[in-house]
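The values are calculated or read from the model by the stated rules, or taken from the named source; none is laboratory data. Bear in mind the structure is a predicted one, so any value in this text is a computation, not a measurement. In this analysis, Cβ positions are derived from the backbone assuming ideal geometry, glycine residues included, and neighbour counts consider all displayed protein chains. Just so you know, the surface numbers come from the protein's heavy atoms only, side chains and all, with ligands and any DNA or RNA stripped out. Shrake-Rupley method; radii C 1.70, N 1.55, O 1.52, S 1.80 Å.
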Amino acid sequence: IGSGPQRVILAALLLKSNQVVSAEQLSSLIWHDAPPTGPRQALNNHVMRLRKALGPAAAERIRTQAPGYIIDVRPGELDLHRFDTTQHAADSAIEAGNWGEAAELLDSALSLWHGDALTDIPSRQLHLEAREHLAERRFRAQLTRIDADLHLGRFDAAIGRIRQIMAARPLHEGLYCQLMAALYGSGRQSDALSV
């Protein structure tokens, strides 16, 4: 999808899949405080072009429904839904004390991420509303995956994961706690004390 407004529409609809997103909200996400003359017609044109770009089978899923549009997504089709489902299964495994299963499930959930969310979506407002929330959900899963390594005695693997994440979150105290535990567990007590 080459058009920025069309990518914004698609992202907004997918983030609220199976729910109506109002035309007013979509217009705000696309044009912020500077809508064009006739924003409703311009929005309709972008939705029409988006449907055309997606092809007939996918286009049928974007429906006009007052007061805006809705996209139909079946269970398991959207990576974000699969991430949530798999993460919930991992949480259940942890509650049952099965850290090995939780580690596998979290690996599966985290493998669905390919970089930061919404990077190619030109909407400052959508970034403010959704991007940080999505990043936080991913980060919580990463922390839980490190906890699984620590519970399973996989200290070197935990150290590698922690150091990779620390590059993006150098001030997160929880990561330092996990790093100390991993270093101590791997027999590197002086390094743990240094941290």
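Summary table below
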item: Residue count for the range 75-92, restricted to those that are over 13 Å from ALA141 (Cβ atoms) and among the hydrophobic types (A, V, I, L, M, F, W, C); result: 1
item: Qualifying residue in the range 117-128 (condition: out of contact with any strand residue (DSSP E or B) (no Cβ under 8 Å at 6 or more places or on another chain), at pLDDT 95 or above and assigned to a helix (DSSP H, G or I)); result: no
item: Residue that is farthest from ASP33 (Cα to Cα), among those in the range 103-142 that are of a type in the set (Gly, Ala, Ser) and in contact with a helix residue (DSSP H, G or I) (Cβ under 9 Å, 6 or more places away or on another chain); result: ALA103
item: Test for SER3: is it among the polar types (S, T, N, Q), modelled with pLDDT under 95 and within 25 Å of the chain's Cα centre (by Cα); result: yes
item: Looking only at the range 70-108, and only at residues there that are among the polar types (S, T, N, Q) and loosely packed, with under 15 Cβ neighbours inside 10 Å, the one that is farthest from ARG154 (Cα to Cα); result: THR85
item: Hey, HIS114 under 30 Å from LEU152 (Cα atoms), at pLDDT 95 or above and either part of a loop (DSSP other than H, G, I, E, B) or open to solvent by 70 Å² or more (accessible area, probe 1.4 Å) (or both) or not; result: no
item: Pairs with Cβ under 6 Å, 6+ apart, first in the range 150-162 and acidic (Asp, Glu), second open to solvent by less than 70 Å² (accessible area, probe 1.4 Å); result: ASP156/SER186
item: Extreme residue, most open to solvent (accessible area, probe 1.4 Å), among residues of the range 162-195 that are under 17 Å from ARG137 (Cα atoms), in a loop (DSSP other than H, G, I, E, B) and not charged (D, E, K, R); result: ALA168
item: Filtered residues of the range 62-111 (kept if without any contact (Cβ under 8 Å) to a residue 40 or more places away in the chain and under 19 Å from LEU10 (Cα atoms)); result: ARG63, THR64, ARG74, PRO75, GLY76, GLU77, ASP79, ARG82
item: Residue under evaluation ALA59, criteria (1) at pLDDT 95 or above; (2) within 21 Å of SER17 (Cβ to Cβ), criterion not met; result: (1)
item: Pair list, Cβ under 8 Å, 6 or more apart: the range 30-45 residue without any contact (Cβ under 8 Å) to a residue 40 or more places away in the chain, other residue part of a loop (DSSP other than H, G, I, E, B); result: ALA42/PRO35; ALA42/PRO36
item: Where GLY97 falls short, out of the listed (1) assigned to a loop (DSSP other than H, G, I, E, B); (2) under 18 Å from the mean Cα position of the chain (by Cα); (3) modelled with pLDDT of 95 or more; (4) of a type outside the set (A, V, I, L, M, F, W, C); result: (2)
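Listed here are the residues, each with its yes/no results for (1) open to solvent by 60 Å² or more (accessible area, probe 1.4 Å); (2) part of a helix (DSSP H, G or I); (3) within 20 Å of GLY2 (Cβ to Cβ).
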{"position": "GLN25", "(1), (2), (3)": "no, yes, no"}
{"position": "THR37", "(1), (2), (3)": "yes, no, no"}
{"position": "LEU43", "(1), (2), (3)": "no, yes, yes"}
{"position": "ARG49", "(1), (2), (3)": "yes, yes, yes"}
{"position": "THR64", "(1), (2), (3)": "yes, no, no"}
